[in-house]
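Here the structure comes first, spelled out in structure tokens, and everything after it is commentary.
Since every read-out is calculated from the coordinates, none of them should be taken as a lab result. All figures in this text were calculated on a predicted structure; none of them were measured in a lab. When we count neighbours, we look across all protein chains shown, and the Cβ atoms used for this are built from the backbone with ideal geometry, even at glycine.
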Amino acid sequence: MARRVLITGGAGFIGSHTALVLLEQGYELVVLDNFDNSSPEALKRVKTLANSNALELVEGDVRDLDAVNRAFDRGGPVDGVIHFAGLKAVAESVANPLHYWDVNLNGSRVLATAMEQHQCRTLVFSSTSTVYGEPEVFPLHEEMPTAPVHPYAQTKLAVEQMLSALCRSGDWRVACLRYFNPVGAHPSGRIGEDPLGTPNNLFPFITQVAAGRRDKLRIFGQDYSTHDGTGIRDYLHVMDLAEAHSVTLDHLFHSTAPHQLTLNIGTGCGLSVLDVVRGFEKATGLPIPYEVVARRPGDVPKLEGCPQKAKDILGWSAKRDLAQMCRDGWTWQQANPLGYRSVP
Ligand code: NAD
Ligand code: UDP
């Protein structure tokens, strides 16, 4: 019988790509999403791409125990959960910390409560490389100290800690995946990243400049101690990240003992802002005009993780290169100039 998986935030950027990979592998899915930062159109397209109807939607808030219970009670028993639902904008978390603690921590607590009630204790949690704070030693290993410097990362670390306590208290199987910087889109260009308003992140900003929606990229600082002075991040293709979720679930389903895993999910290869700009220009043939402006408050010079533990434990490593991230991101941008809102 097909395994049944609950995906919170399954209509979002990473959630929709993961839902597609899992549907293609024959899972039955229930998605819980309140569409705070996404569109139901993403799920329609996921079903079409997978040629499958094995995805049910429960529209609701992960902080609402009744809504989460509705998702659990929608069909047969849920075997495992992937928890994407949450907020991710660093500056917004500084401006409105209580909202971040509510959605990210309280939402996770309510979800875990419903999981206990339904005796479903297998969970993959979306954590972030920003829990490492402002490290000075690279590459980052999972055992290195965490020192988050903004409420967004603090809420994610707090959830990791809550989940550790659950693992110590009972029969839980939990994986906390510390993502680095997911970019790109499904190669079909049917699903992708759909930021509301001006993008905060580098990659969607670049694709919007390429499309002529923005006049130029503003590079936040060229005075960091990196090879060209611009900030370094570990960018990975969202399809590699989606596949990491599927192998993680598989690992948890086949593990005999309760345990908690914490894994870096990245390529292990840091790229500067200028590396990404030049890579995009090369992959697409399109110029990306830019100007260098002041550093963005709160930015760290460099984040680059070691993904070896994920390779050793899951057999997973990122397969797609920067050129593919750029080509696929650009295909999505061209086909959906206004994101899912282009659809009447
Ligand atoms: P996203 O905003 O595209 O997806 C999040 C989804 O959760 C959206 O569909 C949104 O509508 C839904 N959601 C938000 N609040 C909700 C609530 N209270 N109840 C129900 N649904 C709710 O973001 P994403 O990039 O797909 O990120 C997914 C997860 O991964 C987030 O938890 C994020 O913090 C984490 N993460 C993302 C990145 C990144 O760079 N994208 C990096 C590290 C970690
Ligand atoms: N960045 C930039 N201009 C932008 C957006 C981002 O120069 O319009 C830089 C940013 O300073 C950082 C890198 O690009 O060095 C990645 O930023 P992003 O917001 O995508 O990811 P995060 O900082 O959350 O890792």
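Semi-axes of the equivalent ellipsoid of the range 38-187 are 27, 20, 16 Å, computed as sqrt(5λ) over the eigenvalues of the C-alpha gyration tensor in descending order.
The Cα center of the range 122-187 and the Cα center of the range 52-80 differ in position by 24 Å. Its Cα centre serving as origin, the range 180-298 has a Cβ charge dipole (Lys and Arg +1, Asp and Glu -1) of approximately 360 debye. Using the Cβ-Cβ distance between K44 and N106 with R0 = 35 Å, the FRET efficiency computed as 1/(1 + (r/R0)^6) comes to roughly 0.75. Amide hydrogen proximity for L286: with H placed 1.01 Å from N in the peptide plane, no residue at 5 or more positions away or on another chain lies under 5 Å.
Under the convention that each Lys and Arg Cβ holds +1 and each Asp and Glu Cβ holds -1, the size of the dipole of the chain around its Cα centre is about 440 debye.
To the nearest ten degrees, helix 13-24 and the longest principal axis of the Cα atoms of the chain are 50 degrees apart.
Near V31, the amide H atoms lying under 5 Å from its own belong to I7, E56, L57, V58; only residues 5 or more places off or on other chains count, and H is placed 1.01 Å from N. Candidates G60, A11, V46 compared by Cα position along the dipole of the range 4-79: farthest toward the positive end lies V46, with charges placed on Cβ.
Counting other Cβ atoms within 10 Å as a rough exposure proxy, the listed residues M239, M325, M162 run M162, M239, M325 from fewest neighbours to most. The mean sequence separation of alpha-carbon pairs under 8 Å and at least six residues apart, normalised by the residue count of the chain, gives a relative contact order of 19 percent. In the range 113-255, taking the dipole from charged Cβ atoms about the Cα centre, the farthest positive-side position among A211, G221, A175 is held by A211. Taking 0.36 nm per residue of sequence separation and removing the Cα-Cα distance, the D228/K216 pair yields an extension gain of 2.4 nm.
Take the Cα radius of gyration of the range 190-283 and divide it by 2.2 N^0.38 Å, N being the number of residues; the result is 1.40. Result for the chain in a Gaussian network model with C-alpha springs under 10 Å: among E59, E28, E304, the largest mean-square fluctuation is at E59. Would you give the gap between the C-alpha center of the range 269-344 and the C-alpha center of the range 9-29, rounded to a whole Å? Using only Cα atoms, the two centres lie 21 Å from each other. The Rg/Rh ratio for the range 235-344 is 1.06, where Rg is the radius of gyration of the alpha carbons and Rh is the Kirkwood radius.
The value obtained for the range 122-208, namely the Cα convex hull volume divided by the number of residues, is 149 Å³ per residue.
Measuring against 25 Å, Cα to Cα, the residue pairs K88/K302; K282/K311; K44/K319; K156/K319 contain K282/K311; K44/K319; K156/K319 as the ones spanning a longer distance. A simple rule links phi to the HN-Hα coupling: the Karplus curve 6.51 cos²θ - 1.76 cosθ + 1.60 with θ = phi - 60°, which for the range 183-191 gives 9, x, 7, 4, x, 5, x, 8, 10 Hz, with x for Gly and Pro. Relative contact order of the range 170-257: 36 percent, from C-alpha pairs under 8 Å at least 6 residues apart in sequence.
In a simple Cβ point-charge model (Lys, Arg +1; Asp, Glu -1; nothing else charged), the range 105-217 has a dipole of about 320 debye relative to its Cα centre. Normalised by the number of residues in the range 1-113, the mean separation of alpha-carbon contacts (under 8 Å, six or more apart) gives a relative contact order of 31 percent. Take every DSSP beta bridge whose two residues both sit in the chain; close to 5 percent of them are antiparallel. A Stokes-Einstein calculation at 25 °C with viscosity 0.890 mPa s, built on the Kirkwood radius of the chain over Cα pairs, returns a diffusion coefficient of 121 µm²/s. Toward the positive end of the charge dipole of the range 1-149, with +1 on the Cβ of Lys and Arg and -1 on the Cβ of Asp and Glu, the farthest Cα among V137, L29, G80 is that of L29.
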